[in-house]
Amino acid sequence: MANNFFQWDQGKYSIEVPTMDKEHQQLIAIMNKLYEKHSLKASKQELATTLKELGDFVVKHFKDEEEYFSKIPEYSKKEVHKKIHQELISKFTGHVKQFEKEGVLKDDFFTFLKVWLTAHIAGVDMNYGKGLVKKAG
Ligand SMILES: [Fe+2]
Ligand SMILES: [Fe+2]
């Protein structure tokens, strides 16, 4: 069985919010689909389809996530978190534009996605989930 390029790791990535864990797993699944097509040297058209699927899902996920954490009074980093989402979208869009010009996905795009998982999901997202320090009383 081939190893997936992006691997869900319950211990590292679960933020203990089931709906968001599920979306993060879906995100990883689409990233893997894209990486597989890239490895198999799929056509630009095929890559573009999955890239769009990933982009659409990211937008949906950020919206769901922002709605979720807007309802948590203890979570104090809402605005910073939203800003980080905007920055991720803008970096993602930059990679998409590069792809549209060149017709191939570069290694640095996949590195960017890996950093997303380790730094954003396991870092920033953790703070509204498992890492949330609930105020007493
Ligand atoms: Fe997230
Ligand atoms: Fe997030």
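At-a-glance table
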| quantity | calculated |
| --- | --- |
| Within the chain, longest stretch free of exposed GluC sites (Glu not before Pro) [DSSP loop, at most 13 other beta carbons within 10 Å] | 75-137 |
| Over 22 Å (Cα to Cα) - which of 22/71; 37/63; 60/91 fall in this group | 37/63 |
| Computed [θ] at 222 nm, helices only, for the chain once each DSSP H run of length n ≥ 4 contributes -39500 (n - 2.57) | -21500 deg cm²/dmol |
| Mean projected area (nm²) of the alpha-carbon convex hull when the chain is viewed from all directions | 8.6 |
| Trypsin sites (Lys or Arg not before Pro) lying in DSSP loop within the stretch 4-61, provided at most 13 other Cβ fall within 10 Å | 41 |
| Summed residue charge, Cβ within 10 Å of residue 17's Cβ, Lys/Arg positive, Asp/Glu negative | -3 |
| Share of carbon and sulfur in the accessible heavy-atom surface of the chain [1.4 Å probe, %] | 56 |
| In sequence order, calculated HN-Hα J values of the stretch 124-129 (Karplus, 6.51, -1.76, 1.60; Hz; x Gly/Pro) | 5, 5, 3, 5, 9, x |
| Using alpha-carbon coordinates, inclination of helix 18-39 to the longest axis of the chain, degrees | 20 |
| Length gained when the stretch residue 60-residue 76 is fully extended (0.36 nm per residue, less Cα-Cα span) | 3.5 nm |
| Length gained when the stretch residue 7-residue 130 is fully extended (0.36 nm per residue, less Cα-Cα span) | 42.3 nm |
| Pair residue 108, residue 68: separation of 7 Å Cα→Cβ label points (nm) | 3.1 |
| Solvent exposure of the stretch 19-128 as accessible area per residue, Å², 1.4 Å probe | 55 |
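The values are calculated or read from the model by the stated rules, or taken from the named source; none is laboratory data. This is a predicted model, so every value here is computed, not measured. All Cβ positions, even for glycine, are placed from backbone atoms using ideal geometry, and neighbour counts span all protein chains on display. SASA here: full protein model, heavy atoms, side chains in, ligands and nucleic acids out. Shrake-Rupley method; radii C 1.70, N 1.55, O 1.52, S 1.80 Å.
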